[in-house]
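**Q** Below is a structure I'd like to ask you about.
Any read-out appearing in this document is the output of simple, stated calculations on the displayed coordinates, not a laboratory observation. The model shown is predicted, which means the values in this text are computed figures rather than measured ones. All Cβ positions, even for glycine, are placed from backbone atoms using ideal geometry, and neighbour counts span all protein chains on display.
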Amino acid sequence: MTAVSSTELSRSRRDSNPRLRRSSPWTSLAFLAPFLVIFTVFVIVPVASAVWASLHRWSLGLPGTPWVGAANYAELFAGSTVTSVEFWKGMRATGIFTALSAPLLIALPLGLAMLLHRRFPGRTFFRALYFAPYVLGVAVTGLLWRYLLDRQLGPVNQILGLDVAWTTTLPAGWVSLVVATLWWTIGFNSVIYLAALQDVPKELYEAAKVDGAGPLRRFTAITLPGITRVLQFVVAITIIASANMYGQSALITQEQPGSDTRTAIGYIAETGIQGFDIGASSAMSMILAVTLMLLSGIVVLGFRKLGGDDR
Amino acid sequence: MSARRRPVAAASRRTFLGLLGSSALLAACAPSIGAGAAQEPARYREGEYTGPRQRLQFWNPFTGGDGPAMAAMVDAFNAAHPDIEVVMTSLVADDMYTKVMPAVGAGVGPDIAIMHLDQLATFAARNTLVPLDDVVEGLGVDGEDFVPAAWDNGVYRGARYGIPLDLFTMAQYWSTDALASAGTPGPVLDADGYTDTVAALQSNGLAQPFWVPPSWQLFVTLLAQFGGRLYNPEGTVAEMGSEAGVQALAWMVEQIDRGVSPGGVTDPRTPFKNGTAALLADLPAAIPDLQLTAPDLAWGVAPFPQIGPQPGVFANSHNFVLTGQSQRDADAAHASQTFVDWVSRNSAPWIAGGNTPARASVRETEEFRSSPQAALATEGVFEVAAFLPQIPGSREIASNSFQRAVGEAVLGGVDPAAALAFAQQTAQAELDDVNELLG
């Protein structure tokens with residue numbers, strides 16, 4: 001009896017004093033604080049120090065780090081030094097990989113998710129099966145595919161009866177990288193699509209069927225609009241993930257032939273971590289980051305234009 | 001309240017602008033990046049270390065068949081020195097070289113490390129290593145016992161940074177049975193011998209007896225044989241695109257064009273092990289690998305044949321180095337010196353790793369003379385060994401220049417002359433950058 005009355009009391013007090021309890025900005029800030037600490041330590045501080053580094057001539061191990069303003073950026077955009085030539089080659093490789101892999105990584109998982117969304121025996125098994133490669137690390141995936149695709153010793157050429165240098169020539173190298181990445185990460189996007197498909201009300205499909213809509217029509221009129229928000233998320237995150245590709249080209253093609261499959265991240269790592277040029281590599285990272293932000297912005301705007309902003 | 005806040009905001013903006021201005025000023029009068037502020041040299045300390053127990057970190061790149069050999073030496077040292085505990089960490093070479101500088105800077109890296117000879121300048125210029133001149137003088141190590149080329153190359157800007165443990169050179173391996181049944185027992189000695197052996201093997205049913213991967217060590221070997229070099233001795237001019245360079249790279253590509261080797265080879269050891277190929281160009285690191293993974297294969301090893309008009313062979317060496325971290329106090333420095341001196345003098349177990357000990361006194365042991373790599377340890381090889389010169393950042397320059405050219409030509413079908421011309425241009429630009437950076 002007393003307990004009930006005290007709850008009622010507190011409830012009525014909260015209701016009677018909404019200014020203090022509900023709209024105080026400190027309440028939400030207090031709940032956000034723990035995450036903000038983590039976000040600051042692991043995102044804001046590193047990004048800020050990368051910006052700082054990109055404005056200085058900083059070569060690891062040498063004591064001076066003089067301020068050079070935008071000189072690192074100017075050098076990269078001038079495109080005349082070795083660093084800038086190699087960086088834009090890396091950006092080009094990243095662009096090629098993204099253009100080849102992102103559309104497949106957006107479209108194929110959707111098809112897969114629609115298959116796995118149907119009812120059939122062994123559905124759970126297949127859902128797990130297609131997701132399984134995703135739990136492997138990039139090192140395992142890379143070594144596996146490097147062996148599979150070896151020109152002379154790999155099973156792929158032997159089974160297909162081909163003689164293709166999958167890992168050491170172009171354009172076969174790009175095919176290898178895209179296929180390996182697709183095999184590795186197709187399950188991730190599929191799972192996200194699958195969750196979205198399960199949110200599309202079944203009644204809509206039934207109603208559409210009654211109205212005589214065929215499968216294609218049901219897909220374009222119900223499925224796609226129903227998962228637009230998720231589709232936007234998948235498109236943005238897939239572009240970012242593809243543009244951050246590094247491990248596959250380091251392990252499967254080993255950046256061969258020459259350095260044609262060395263991505264932007266690959267060259268940034270080489271400049272900063274192996275070449276110790278922190279200033280230039282930070283500037284490259286900032287250029288890549290800003291490029292990706294712009295691309296993500298275009299994706300968001302594009303989906304808004306499509307009228308996906310319905311919720 | 002707002003009236004009170006405003007001046008504060010204005011002040012902070014002014015402070016900010018002032019900071020910006022002063023940083024620009026600072027930049028104007030401090031263009032130096034502080035190169036040349038070298039580490040204090042390590043001082044020689046009398047006798048072996050005794051005193052409070054010291055724990056030392058020892059990093060090396062021995063992740064292959066050579067790891068156990070080094071571990072045995074460290075164990076023997078620890079057993080003989082109760083006051084010192086050396087903890088050994090083996091890392092893949094690339095990882096070790098990326099980690100060592102920040103780790104030493106933070107005081108959590110190695111006190112002692114093994115580095116490749118061509119890496120000494122890179123880490124000396126960036127103040128990770130300490131000069132060892134006083135130490136080697138005090139220890140009475142004057143190079144007399146060492147292979148001269150390996151010893152002489154451990155110096156950067158007048159200071160010694162490395163004490164050679166071993167050296168390794170490009171070698172040829174051959175399948176004893178395959179060559180015997182073709183009627184041309186190994187080793188291959190020169191270009192004619194190579195042509196004859198390949199022809200005999202091919203007519204004996206082995207279509208592609210010598211697989212050519214994009215091995216830059218093979219390129220450097222051939223470059224020396226055709227009379228060229230990567231850089232001038234001062235490390236200021238890139239010369240890899242010379243006529244000799246083009247001939248060397250063209251020879252490698254020719255083996256593929258003539259069908260002696262398939263194209264797109266990245267792993268030449270496996271076909272050698274399973275009998276698809278009968279000749280192999282590889283470093284001595286292949287010795288423990290062949291012993292372990294192809295125990296049934298009968299094979300021989302010898303110096304790489306002289307293909308070009310003069311002898312020459314790629315060479316590199318593992319060197320003991322001391323980092324700045326080892327000099328944190330007198331005891332640690334003394335213990336580190338004791339370790340390097342003892343292991344260097346007692347390096348006989350290292351023979352099992354497949355390399356050639358740098359010390360003549362170890363090479364004279366029966367154990368070494370009966371090892372496979374004894375065939376590689378001739379005065380003739382030592383005389384023509386082509387070590388990479390001491391150039392800071394040499395590995396980054398290499399990967400953007402001649403290593404890439406070899407990959408482009410051997411795998412990508414790019415014309416050797418064009419690939420090397422671009423490589424030379426790139427290497428020259430990077431050399432200029434390094435020399436400008438370090439003054």
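**Q** Share of antiparallel DSSP beta bridges in chain B, in percent to the nearest 5?
**A** Values: 25 of 39 bridges.
Just about 65 percent of them are antiparallel.
**Q** I need the fraction of alpha carbon pairs in segment B:197-353 separated by more than 25 Å, rounded to a whole percent.
**A** Details: 5975 of 12246 pairs.
Counting pairs separated by more than 25 Å, the tail of P(r) holds 49 percent.
**Q** Taking 0.36 nm per residue of sequence separation and subtracting the Cα-Cα distance, how much length would be gained by fully extending the chain between B:D94 and B:T293, in nm to one decimal? Spell out each step's value before the answer.
**A** Working: separation 199, 0.36 × 199 = 71.64 nm, distance 2.42 nm.
So the chain would gain 69.2 nm between B:D94 and B:T293.
**Q** Looking at chain A, do any whole DSSP H helices span at least 24 angstrom along their long axis by alpha carbon and average 0.0 or above on Kyte-Doolittle, and which?
**A** Values: long enough: A:82-117 (51 Å, 1.17); A:172-199 (40 Å, 1.17); A:278-305 (40 Å, 1.62).
The answer, listed by residue number, is A:82-117, A:172-199, A:278-305.
**Q** Right, next: Just how large is the dipole of segment B:223-310 about the Cα centre, in debye to the nearest 20, putting +1 at every Lys and Arg Cβ and -1 at every Asp and Glu Cβ? Each step should come with its number before you reach the end.
**A** Numbers: 4 positive and 9 negative charges, 32 e Å.
Taking the Cα centre of segment B:223-310 as origin, the dipole is about 160 debye.
**Q** Compute the projected area of the convex hull of the Cα atoms of the protein assembly as shown, averaged over all viewing directions, and report it in nm² to one decimal place. All intermediate terms of the calculation are to be shown ahead of the outcome.
**A** On the way: hull surface 190.6 nm².
Value for the protein assembly as shown: 47.7 nm².
**Q** Please arrange A:K89, A:K209 by counting, for each residue, the other beta carbons lying within 10 Å of its beta carbon, fewest first.
**A** Working: A:K89 17, A:K209 12.
Ascending number of Cβ neighbours within 10 Å: A:K209, A:K89.
**Q** Run the numbers on segment A:81-305 and let me know its relative contact order in percent, using alpha-carbon pairs under 8 Å that are six or more apart. Before the final figure, lay out the partial values.
**A** Values: 241 pairs, mean separation 68.8, N = 225.
Worked out over segment A:81-305, it gives 31 percent.
**Q** Right, next: What length, rounded to one decimal in nm, is gained on full extension from A:L160 through to A:A208, with 0.36 nm per residue of separation minus their alpha-carbon distance?
**A** Details: separation 48, 0.36 × 48 = 17.28 nm, distance 4.41 nm.
Stretched fully, the A:L160-A:A208 segment lengthens by 12.9 nm.
**Q** Projected area of segment B:73-126, taken from the Cα convex hull and averaged over every viewing direction, in nm²? Before the final figure, lay out each step's value.
**A** Values: hull surface 17.9 nm².
Dividing the Cα hull surface by four gives the mean projection, 4.5 nm².
**Q** So, in nm, how far is label B:E144 from label B:E254 when the simple model puts each one 7 Å beyond its Cα toward the Cβ?
**A** Taking the simple label geometry, B:E144 and B:E254 are separated by 4.7 nm.
**Q** Here's a follow-up. Once both axes come from the Cα atoms, what is the angle between helix B:216-225 and the longest principal axis of chain B, in degrees from 0 to 90, rounded to 10?
**A** 70 degrees
**Q** Another one. In debye, nearest 20: dipole of chain B around its Cα centre with unit charges on the Cβ of K, R (+) and D, E (-)?
**A** 2220 debye
**Q** Based on alpha-carbon centroids, what's the gap between segment A:33-77 and segment B:190-237 in Å, whole number please?
**A** The distance from the Cα centre of segment A:33-77 to that of segment B:190-237 comes to 46 Å.
**Q** For chain A, with the dipole built from +1 on Lys and Arg beta-carbon atoms and -1 on Asp and Glu ones, taken about the Cα centre, which of A:V235, A:G61, A:F31 lies farthest toward the positive end?
**A** A:F31
**Q** Which of the listed residues, A:A139, A:Q256, A:L105, is farthest toward the dipole's positive end in segment A:81-305, when Lys, Arg count +1 and Asp, Glu count -1 at the beta-carbon?
**A** A:L105
**Q** Rounding to the nearest 20 debye, state how big the charge dipole of segment A:81-305 is about its Cα centre with +1 on each Lys and Arg Cβ and -1 on each Asp and Glu Cβ. Kindly include the intermediate steps, with their values, before the conclusion.
**A** On the way: 16 positive and 11 negative charges, 169 e Å.
My answer is approximately 820 debye.
**Q** Against the longest alpha carbon principal axis of chain B, how many degrees, from 0 to 90 and to the nearest 10, is the axis of helix B:67-80 turned?
**A** The two axes meet at around 60 degrees.
**Q** How charged is the neighbourhood of B:Q202? Take every other residue with its Cβ under 14 Å from the Cβ of B:Q202, and add Lys/Arg as +1 and Asp/Glu as -1.
**A** Working: positive: B:R258; negative: B:D196.
Summing Lys/Arg as +1 and Asp/Glu as -1 gives 0.
**Q** Here is a further query. Assuming R0 = 45 Å, can you tell me the calculated FRET efficiency for the pair B:Q425 and B:E48, based on Cβ-Cβ distance, to the nearest 0.05? Don't skip to the answer; put the middle values down first.
**A** Numbers: r = 52 Å, r/R0 = 1.16.
The computed FRET efficiency comes out at 0.30.
**Q** Under a Cβ-Cβ cut-off of 15 Å, what is the net charge of the residues other than B:V136 that fall near it, where Lys and Arg count +1 and Asp and Glu count -1? Don't skip to the answer; put the middle values down first.
**A** On the way: positive: B:R43, B:R45, B:R160, B:R345, B:R359; negative: B:E46, B:D133, B:D134, B:E137, B:D142, B:E144, B:D145, B:D152, B:D341.
Residues near B:V136 contribute -4 overall.
**Q** Suppose a student asked you for the relative contact order of chain B, using Cα pairs under 8 Å spaced at least 6 residues apart; what percent would you report? Display every interim value, and only then the final one.
**A** Details: 785 pairs, mean separation 111.0, N = 439.
Relative contact order, chain B: 25 percent.
**Q** In addition: How far apart, in nanometres, would the label points at B:D75 and A:A132 be if each is projected 7 angstrom from Cα along the Cα-to-Cβ direction?
**A** 4.0 nm
**Q** Something else about it: Which three extents, in angstrom, do the Cα atoms of segment A:81-305 have along their principal axes, listed largest first?
**A** The Cα atoms of segment A:81-305 stretch 65, 45, 26 Å along their principal axes.
**Q** Calculate, in whole percent, how much of the Cα-Cα pair population of chain B lies beyond 39 Å.
**A** Working: 27509 of 96141 pairs.
More than 39 Å apart: 29 percent of the Cα pairs in chain B.
**Q** Here's something else I'd like to know. May I ask what percent, to the nearest 5, of DSSP beta bridges between residues of the protein assembly as shown are antiparallel?
**A** On the way: 27 of 41 bridges.
Antiparallel bridges: around 65 percent, rounded to the nearest 5.
**Q** Next question, about the same structure. In cubic angstrom, how much convex hull volume per residue do the alpha carbon atoms of segment A:150-217 span? Please report the intermediate quantities before stating the final value.
**A** Values: hull volume 9.4 nm³, N = 68.
Convex hull of Cα atoms, per residue: 138 Å³.
**Q** Using the Cβ atoms and a cut-off under 14 Å, what net charge is assigned to the surroundings of B:A238, where Lys and Arg are +1 and Asp and Glu are -1? Could you put the intermediate results ahead of the total?
**A** Numbers: positive: B:R229, B:R404; negative: B:E234, B:E239, B:E396, B:E430, B:D432, B:D433.
So the environment of B:A238 carries a net charge of -4.
**Q** Could you tell me how many degrees, from 0 to 90 and to the nearest 10, lie between the Cα long axis of helix B:416-437 and the main elongation axis, the longest principal axis, of the Cα atoms of chain B?
**A** 30 degrees
**Q** For an R0 of 25 angstrom, estimate the FRET efficiency from the Cβ-Cβ distance between B:D83 and B:S361 and round to the nearest 0.05. Working shown, then result.
**A** Working: r = 26 Å, r/R0 = 1.05.
Using R0 = 25 Å, I get an efficiency of 0.45.
**Q** Order of B:S344, A:S281, B:S203 from fewest to most other C-beta atoms within 10 Å?
**A** On the way: B:S344 23, A:S281 26, B:S203 10.
Sorted ascending by nearby Cβ count, the order is B:S203, B:S344, A:S281.
**Q** Taking a ≥ b ≥ c as the square roots of the Cα gyration tensor eigenvalues, with a/c under 1.5 meaning rounded and otherwise prolate when a/b beats b/c, else oblate, which class fits segment A:71-121? List each step's numbers first, then the result.
**A** Working: a/c = 6.99, a/b = 5.15, b/c = 1.36.
Taking the square roots of the gyration eigenvalues as a ≥ b ≥ c, segment A:71-121 is prolate.
**Q** Below 18 Å, Cα to Cα, which aspartates and glutamates can B:K273 reach? Residues fewer than 8 away in the same chain don't count.
**A** Straight-distance partners of B:K273: A:D150, B:D177, B:D282, B:D289, B:D296.
**Q** How high is the FRET efficiency between A:A78 and A:R217 when r is their beta carbon distance and R₀ equals 51 Å, given to the nearest 0.05?
**A** On the way: r = 54 Å, r/R0 = 1.05.
Efficiency computed from Cβ-Cβ geometry: 0.45.
**Q** Okay, next question. What distance in nm separates the two pseudo spin-label positions at A:R118 and B:V237, each 7 Å out from Cα along the beta-carbon direction?
**A** About 7.3 nm, to one decimal.
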